[in-house]
Amino acid sequence: MRSFLVLEDGSVFEGEAFGAIREVFGEVVFATGMTGYQESLTDPSYCGQILVASYPLIGNYGVNSAEMESDRVRVWGYAVREVCAVPSHRSSTMTVDEFLRAWSVPGISGIDTRALIRKLRNFGTMKGAIGTADPDSLLDKVRAMTHPEKTNLVAQVSTRSPIRYGDGHSRTVALLDCGVKASIVRELRKRFNVVQLPFDTPADVVLDLKPDGVFISNGPGDPAHPDIMATIVSTLRRLKDQLPMMGICLGHQLLSLALGARTYKLKFGHRGVNQPVDLDGRVYITSQNHGFAVDQSSAEKAGLEVTVRNLNDGTVEGVRHSDLPMFSVQFHPEAHPGPHDTSFLFDRFLRMMEGA
């Protein structure tokens, strides 16, 4: 069936529908990983977005239950050059087409993803739609739509009730879930007992649990959204003098906001598994998925030391507080997909707690 991807600037990309046959609207973004499409599709940080894959062949090793980063597909739409109908892998249980259909997520294949990504790089991410209707009618709806970031996307992906993981460790972490990836939970459980909490859990409730530290997860949307500022950012401000803290991705931005820094939207973000950063004077290749960044000057005024930089554009990729036991990174040390070279940061968090 013929399908269209329409951008708010009027660009139209014609292709073939796969996955669910329905209209979807969201922010159109791209990711550069050659593998890991299933992890990306299930990453809660992609909530609100139509994801464009830069690698031209998607689905060649199928889908399996072991590579899920959440319990469902989280992207709102998927755009690829070619989707593989006959995957080849012993662990595969279904195709990407079947996977998207199961979660009512539409996809489009056969479009010129290279041209689309070049446009997004040149002009920035845009609102867009995937659908089989007349492109002009889709364009009218796209231009009239509210940007997904205007809603509280974190509320759509955070756990609704506490989840406890008791693995016999000596330390317990309160995990503030803004859309946490399963791989982060696994890394934390290797080192801590974990209590996974809704993003809007009040500070008093966190303290009643008597954790040894607080971890703030990744997640979607604008970190400075009013609902986020009024809930988790307010909670972090109340907890900052009482417990060691670590944040990843959105958690890095929220922790910085709580300490007085500002955030801003990037032109097209960093999404992929090959982003180089300078960490402690050494270059690491990292996995990333974010569209916002922490403003350096405001971070330094807030008492934060910039410890990590993106080597492509110089943006802030990590901070630590000059006095308090807390640090955060913009990239994903748990990887999945991507390199695991920076997983030692979870051990650093443990050592921080032991020294607190």
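Here are some notes:
- When Ser234 is tested against the conditions (1) within 30 Å of Pro339 (Cβ to Cβ); (2) out of contact with any Asp or Glu (no Cβ under 9 Å at 6 or more places or on another chain); (3) among the hydroxyl-bearing types (Ser, Thr, Tyr), the lone failure is (1).
- Residues located in the stretch 33-45, provided they are at pLDDT 95 or above and touching a Gly at 6+ places or on another chain (Cβ under 9 Å): Gly36, Tyr37, Gln38, Glu39, Ser40, Asp43, Pro44, Ser45
- Across the stretch 305-343, the number of residues qualifying as among the hydrophobic types (A, V, I, L, M, F, W, C) and closer than 15 Å to Ile184 by Cβ comes to 3.
- Considering the stretch 103-115, the residues that are touching a Ser or Thr at 6+ places or on another chain (Cβ under 8 Å) and not in a helix (DSSP H, G or I) include one that is surrounded by the fewest Cβ atoms within 10 Å (Cβ to Cβ), namely Pro106.
- Qualifying residues in the stretch 307-352 (those that are of a type in the set (A, V, I, L, M) and out of contact with any Lys or Arg (no Cβ under 9 Å at 6 or more places or on another chain)) - the one farthest from Leu243 (Cα to Cα): Leu311
- Among the residues examined, Glu305 qualifies as assigned to a strand (DSSP E or B), of a type in the set (Asp, Glu) and either surrounded by fewer than 18 Cβ atoms within 10 Å (Cβ to Cβ) or without any contact (Cβ under 8 Å) to a residue 24 or more places away in the chain (or both).
- All positions within the stretch 119-147 that are closer than 22 Å to Met1 by Cα and in a strand (DSSP E or B): Gly128, Ala129, Ile130, Gly131
- The C-beta contact set for the stretch 196-222 (first residue closer than 15 Å to Thr159 by Cα, second residue surrounded by fewer than 24 Cβ atoms within 10 Å (Cβ to Cβ) and acidic (Asp, Glu), distance under 9 angstrom, 6+ apart or interchain) comprises Asp200/Asp227; Pro220/Glu149.
- Selection within the stretch 56-72 - in contact with a strand residue (DSSP E or B) (Cβ under 9 Å, 6 or more places away or on another chain) and either over 12 Å from Val96 (Cβ atoms) or among the hydrophobic types (A, V, I, L, M, F, W, C) (or both): Pro56, Leu57, Ile58, Val63
- Remark: pairs (first residue in the stretch 139-150, within 20 Å of Leu51 (Cβ to Cβ); second residue assigned to a loop (DSSP other than H, G, I, E, B); Cβ separation under 6 Å; 6+ apart in sequence or on different chains) = Val142/Glu8; Pro148/Gly48; Glu149/Gly221; Glu149/Asp222.
- Being touching a Leu at 6+ places or on another chain (Cβ under 8 Å), surrounded by fewer than 16 Cβ atoms within 10 Å (Cβ to Cβ) and closer than 18 Å to Tyr165 by Cα is a property that holds for Val205.
Matching residues to (1) of a type in the set (A, V, I, L, M, F, W, C); (2) part of a strand (DSSP E or B); (3) surrounded by 22 or more Cβ atoms within 10 Å (Cβ to Cβ); (4) in contact with a Pro (Cβ under 7 Å, 6 or more places away or on another chain):
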{"position": "Ser91", "(1), (2), (3), (4)": "no, no, no, no"}
{"position": "Ile117", "(1), (2), (3), (4)": "yes, no, no, no"}
{"position": "Arg160", "(1), (2), (3), (4)": "no, no, no, yes"}
{"position": "Ser170", "(1), (2), (3), (4)": "no, no, no, no"}
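The values are calculated or read from the model by the stated rules, or taken from the named source; none is laboratory data. The shown structure was predicted, so the numbers you read here are calculated from the model rather than taken from an experiment. Positions of Cβ are generated from backbone atoms using ideal geometry, with glycine treated the same way; all protein chains shown enter the neighbour counts.
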